[in-house]
Amino acid sequence: MLTFGRAIMGRPRLLTLDEPSFGLAPMVVATLFDVIDMLNQEGVTVLLVEQNAALALERSRFAYVLEEGKVVDAGPSQEMLSKKSILEAYLGMA
């Protein structure tokens with residue numbers, strides 16, 4: 001959280017975040033993603049790497065799916081949420 005705070009103090013135009021939810025309590029994660037949404041609405045571009053696929057897809061506009069360092073799928077996040085392959089592999093749904 002401290003690192004995140006320091007990053008946004010500089011008023012960046014691009015914010016890259018690697019696993020910001022890792023190790024945080026669910027309430028803190030919700031607050032953190034609310035702040036990320038707010039920053040994005042204020043014009044900050046956010047590049048997010050996140051293993052919580054459901055959370056990332058719900059909060060993003062466009063997504064890339066990586067496997068072993070290679071892009072295996074890409075598209076608008078809402079489209080990705082409706083793809084059977086994504087639902088099965090990353091969201092545990094059939």
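So, in the range 66-94, how many residues would count as being under 18 Å from residue 16 (Cβ atoms) and either surrounded by 11 or more Cβ atoms within 10 Å (Cβ to Cβ) or in contact with a Ser or Thr (Cβ under 6 Å, 6 or more places away or on another chain) (or both)?
The number of residues fulfilling the criteria is 3.
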*Output the residues belonging to the range 66-90 that are in contact with a strand residue (DSSP E or B) (Cβ under 8 Å, 6 or more places away or on another chain) and of a type outside the set (A, V, I, L, M).*
73, 75, 76, 77, 83, 85, 90
*Select from the range 6-29 the residues that are closer than 19 Å to residue 49 by Cβ, among the small types (Gly, Ala, Ser) and without any contact (Cβ under 8 Å) to a residue 24 or more places away in the chain and write down the one among them that is surrounded by the most Cβ atoms within 10 Å (Cβ to Cβ).*
7
_Per-region count, the range 1-41, residues assigned to a strand (DSSP E or B), under 12 Å from the mean Cα position of the chain (by Cα) and hydrophobic (A, V, I, L, M, F, W, C)_ = 2
_Could you go through the range 34-43 and let me know if any residue there is out of contact with any strand residue (DSSP E or B) (no Cβ under 9 Å at 6 or more places or on another chain), in the same structural domain as residue 8 (by TED's automatic domain parsing), more than 18 Å from residue 13 (Cβ to Cβ) and acidic (Asp, Glu)._
yes
*Taking the range 44-65 on its own, how many of its residues are of a type outside the set (A, V, I, L, M, F, W, C), closer than 15 Å to residue 15 by Cβ and exposed (fewer than 15 other Cβ atoms within 10 Å of the Cβ)?*
2
*Give the residues of the range 42-94 that are in a helix (DSSP H, G or I) and more than 14 Å from the chain's Cα centre (by Cα), sorted by residue number.*
79, 82, 84, 85, 86, 87, 88, 89
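The values are calculated or read from the model by the stated rules, or taken from the named source; none is laboratory data. Everything quoted here is computed from the prediction, not taken from an experiment. Cβ sites come from the backbone with ideal geometry, for glycine too, and all protein chains shown count toward neighbours.
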